[in-house]
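Derivation of every value follows stated rules applied to the coordinates shown; laboratory data play no part. Keep in mind that what you see is a predicted model, and the values were worked out from it rather than measured. Cβ: placed from backbone, ideal geometry, glycine included. Neighbour counts: every protein chain shown.
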Amino acid sequence: MDREELALLRAKLESMLELRLNKSRTAMETMSQAASSPADAVDRAAMETQRHLELLMRERDLAEVREIREALSRILIGEYGACRECGEDIDVRRLRARPMVDLCVTCMTGLERERNRERDVPEEMIHSFGREVSGRILETV
Ligand SMILES: [Zn+2]
């Protein structure tokens with residue numbers, strides 16, 4: 001990958017990071033405001049649901065923040081753009097679309113196939129490992 005391309009991707013990662021950090025700061029402020037306003041039982045139930053969704057969204061944002069930071073540190077150590085599984089160069093078009101990816105298409109496809117297999121678990125296991133299973137599904141949405 002040439003320097004110019006790398007600089008562009010780095011700038012993109014940095015602005016994505018800033019955007020997400022601002023967003024999560026705003027979400028935190030909104031949440032603490034909502035928590036302090038009085039509400040009856042129905043309002044409270046609706047608020048809880050809303051809060052739960054916000055937390056889920058926040059978790060996803062935070063996961064993305066982590067991915068972006070990892071990509072930026074790969075740029076610093078000169079490992080950016082290489083697949084973490086096979087070491088091959090990741091297609092630059094793929095990086096332009098989603099600059100924090102660290103897997104090539106081949107390895108990504110293999111991983112997704114594995115995940116789908118994991119998801120194919122018996123009902124009673126889903127029951128006891130419900131949290132983990134739904135967490136995994138959320139990641140891939
Ligand atoms: Zn690979």
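How many percent of the alpha carbon pairs in region 3-80 exceed a separation of 22 Å? Walk me through the intermediate numbers first.
Values: 1269 of 3003 pairs.
Summing the P(r) tail past 22 Å for region 3-80 gives 42 percent.
Taking the convex hull of the Cα atoms, report for region 40-88 its projected area averaged over all directions, in nm². Let's see the in-between values first.
On the way: hull surface 17.6 nm².
Hull-based average projected area comes out at 4.4 nm².
Along Cα→Cβ, 7 Å out, is where each label goes; now give me the distance between the ones at Glu14 and Glu79 in nm to one decimal.
Each label point lies 7 Å from its Cα, and together they span 2.3 nm.
Loop only per DSSP, at most 14 neighbouring Cβ atoms within 10 Å: give me the trypsin sites (Lys or Arg not before Pro) in region 1-109, ordered by residue number. Intermediate values should be presented prior to the final figure.
Working: sites: Arg3, Arg10, Lys12, Arg20, Lys23, Arg25, Arg44, Arg51, Arg58, Arg60, Arg66, Arg69, Arg74, Arg84, Arg93, Arg94, Arg96; in loops: Arg84.
Loop-located and lightly packed - Arg84.
Would you mind working out the magnitude of the charge dipole of region 3-80 relative to its Cα centre, with +1 at each Lys and Arg C-beta and -1 at each Asp and Glu C-beta, to the nearest 20 Debye?
Working: 13 positive and 15 negative charges, 34 e Å.
Computed about the Cα centre, the dipole is about 160 debye.
Can you give me the long-range amide H partners of Ala82? Hydrogens built in the peptide plane at 1.01 Å from N, cutoff under 5 Å, separation of 5 or more residues or another chain.
For Ala82, whose amide H was placed from the backbone, the distant partners under 5 Å are Ile90.
What span do the alpha-carbon atoms of region 61-100 cover on each of the three principal axes, reported in whole Å from largest to smallest?
Sorted largest first, the three principal extents are 27, 22, 17 Å.
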